[in-house]
Amino acid sequence: MGTLASSADVLDASLPAPLLTSIDELRALLPAITDDRAAVMREVAARYQFRLPRFYVEKVLHNDAADPLWDLALPGAAEIYDAGTERWDAFQLPVRVVEHPRWIQKYAYEALLRTTDFCSGLCRYCYLKNRDVTPGVISMQEIDAIFDAAEKSPHRHALREIILSGGDPMAIPADRLEHFARRMERLNGTVNRRITVNIHTREPVWNPQRILSSKPLQQALRRLAPSAYVLHVVHPREVTPELHQAMELLSELGRQRRPLMLIQHPLFRHINDDARIITSMYDLLDSGKVVVKPYYLIHPFPDGTLPHHRLTLLESQRILRDLASAPGSRVPLLTIPTPMGKCVIGPYETLVDRGGYYLLHTKDGVPVKYTIAAHYNPVETRVNIPILSDDSSGQTAPEA
């Protein structure tokens, strides 16, 4: 992976950068970290960068080695043995609106723009950790080049949504978001139907003070007026009073057109693989002034999710089944990431073992041969997939 941008590159210079970047700084706040564990953390940090907001350590983590959230936020030995070869950019459309390394497009109606490879905190399970993504923060020149191409593309009329992703798009300089907003306004003047913007972010969980205190960031978001924020929230303890304040502010910035507030969360064994934990998180999110809709319940990424956190697809489906009796507004979609795009399955859908794989379909109908192996080997392909009729013989997969 390319060199990550420094915090000085992506945080407003007028604000402090309360990010921990060394194990010694972390141990000062979490003295329960033993010498042996610290030695392992340093070994991992020498290979994969370590960065964690002070806020998250002080307000979310417990000073207890048994805290399951340590496994998500603190370097661990399992990372050394994880290949991290998730192919998030595989099988893009052969004809895209824009040809640019930051522009990812798997669907005619949706594009994802990787604005940066920087996040205020580094999830230890991040599936981009080992990827050769475009380094640094998107520049003004790159924004102009992308939108100049988009305005000339005959395929732009099919585009309905641009997702700002990263890294974390909420951690880039405010002037980039402001410039992106200006170019979106111009692009929307060239199409038949408005293209919306959604922001996928974990910044309100990691580092809500930046959102609450940065006037330039607030100004940029007010102008951009995204249709939705998709927040990455994993556990009930991440639902802090400051997260509620940040969500309220982001909603108010929408002025006449308030954004949707959605949450998505990957599933992790021993951390949130229980519908009671997830329901508790939903209850806490619903206790504030902003309406929050559960969006994606994400089956573990085949690579990137650390092996000891992975679930079988049947286990993830069982969690969805336990959530499905809630009111519809509280039931998420269970999505399965694949190189072809997201597949969605229902709580009572029968998964059939067709000889070492399930036949799934992406949200735009592409059949996916999804392997069942415990240690997943991503070998899906768009072609030569046997599509069996509903009454074809095939044994139902055994319960996990």
Requested in this report: Provide the descending list of Cα extents for the stretch 7-81 along its principal axes, expressed in whole angstroms.
Outcome: 38, 26, 18
Report summary line: Residue-ordered couplings for the stretch 133-150, obtained by feeding phi - 60° into the Karplus form 6.51 cos²θ - 1.76 cosθ + 1.60 and rounding to whole Hz (Gly and Pro as x), are 7, 5, x, x, 9, 4, 9, 4, 5, 5, 4, 5, 5, 5, 6, 4, 5, 4
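Test of understanding: ordering PHE268, PHE91 by Cβ neighbours within 10 Å, fewest first, what list do you get?
Numbers: PHE268 23, PHE91 16.
Fewest to most other Cβ atoms nearby, the residues stand as PHE91, PHE268.
So for the stretch 103-346: antiparallel DSSP bridges make up what percent, rounded to the nearest 5? Spell out each step's value before the answer.
Values: 9 of 35 bridges.
Given both bridge residues lie in the stretch 103-346, the antiparallel proportion sits at roughly 25 percent.
Restrict the search to the stretch 290-349; then list the chymotrypsin sites (Phe, Trp or Tyr not before Pro) that DSSP places in a loop and that have at most 11 other Cβ atoms within 10 Å of their Cβ. Spell out each step's value before the answer.
On the way: sites: TYR295, TYR296, TYR348; in loops: TYR348.
Qualifying residues, ordered by number: TYR348.
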Query raised in the report: What order do you get for ARG156, ARG182 when you list them from fewest to most C-beta neighbours inside 10 Å?
Result: ARG182, ARG156
**Report entry** Inter-part distance where the stretch 309-353 and the stretch 104-169 are each reduced to a Cα centre, Å
**Finding:** 27 Å
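So how much slack lies between ASP144 and GLU58, counting 0.36 nm per residue of separation and subtracting their Cα-Cα distance, in nm? Intermediate values should be presented prior to the final figure.
Values: separation 86, 0.36 × 86 = 30.96 nm, distance 3.99 nm.
Using 0.36 nm per residue and subtracting the Cα-Cα distance, I get 27.0 nm.
List the trypsin sites (Lys or Arg not before Pro) within the stretch 248-295 that DSSP assigns to loop and that have no more than 13 neighbouring Cβ atoms inside 10 Å. Write down the numbers at each step before the final one.
Details: sites: ARG255, ARG257, ARG269, ARG276, LYS289; in loops: ARG255, ARG257, ARG269, LYS289.
Those satisfying the criteria are ARG255, ARG257, LYS289.
Report the net charge of residues surrounding VAL239, where surrounding means a beta-carbon distance below 12 angstrom and charges are Lys +1, Arg +1, Asp -1, Glu -1.
Numbers: positive: LYS59, ARG237; negative: GLU238, GLU242, ASP283, ASP286.
Result for the neighbourhood of VAL239: -2.
Could you order peptides 330-342, 20-32, 359-371 by the average number of other Cβ atoms within 10 Å of their residues, highest first?
Values: 330-342: 20.3, 20-32: 15.8, 359-371: 17.6.
Packing order, densest peptide first, comes out as 330-342, 359-371, 20-32.
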Query - Per-peptide average of other Cβ atoms within 10 Å, ordering 144-150, 62-68, 241-247 highest first - result: 241-247, 144-150, 62-68
Query raised in the report: What FRET efficiency, computed as 1/(1 + (r/R0)^6) with R0 = 56 Å and r the Cβ-Cβ distance, is obtained for ARG193 and ALA32, rounded to the nearest 0.05?
Result: 0.55
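Fully extended, how many nm does the chain gain between SER22 and ASP353 (0.36 nm per residue separation, minus their Cα-Cα distance)? Walk me through the numbers before you get to the answer.
Working: separation 331, 0.36 × 331 = 119.16 nm, distance 4.64 nm.
Full extension from SER22 to ASP353 adds 114.5 nm.
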Query raised in the report: By how many nm would the segment from HIS157 to ALA39 lengthen if fully extended, with 0.36 nm per residue of separation less the alpha-carbon distance?
Result: 37.1 nm
Query raised in the report: Got a sec to turn the phi values of the stretch 218-226 into Karplus ³J(HN,Hα) couplings, 6.51 cos²θ - 1.76 cosθ + 1.60 with θ = phi - 60°, whole Hz, x for Gly and Pro?
Result: 4, 4, 5, 5, 5, 6, 5, 6, x
Report summary line: Non-local residues with an amide H under 5 Å from the amide H of VAL368, with H modelled 1.01 Å from N and Pro and chain starts lacking one, are LEU360, HIS361, THR362
Query raised in the report: What number comes out for the charge environment of LEU323, summing +1 per Lys or Arg and -1 per Asp or Glu over other residues with Cβ under 11 Å away?
Result: +2
Requested in this report: Kindly put VAL291, VAL205, VAL233 in sequence by how many other C-beta atoms sit within 10 Å of each C-beta, fewest to most.
Outcome: VAL291, VAL233, VAL205
Query raised in the report: At a Förster distance of 22 Å, what's the computed FRET efficiency of ARG258 paired with LYS215, Cβ-Cβ distance as r, to 0.05?
Result: 0.60
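Read-outs throughout are calculated quantities, based only on the coordinates presented, and are distinct from any laboratory measurement. From a predicted model like this one, the values you see are computed outputs, not experimental measurements. For neighbour counting, all protein chains shown are included, and Cβ atoms are generated from backbone atoms with ideal geometry for every residue, glycine included.
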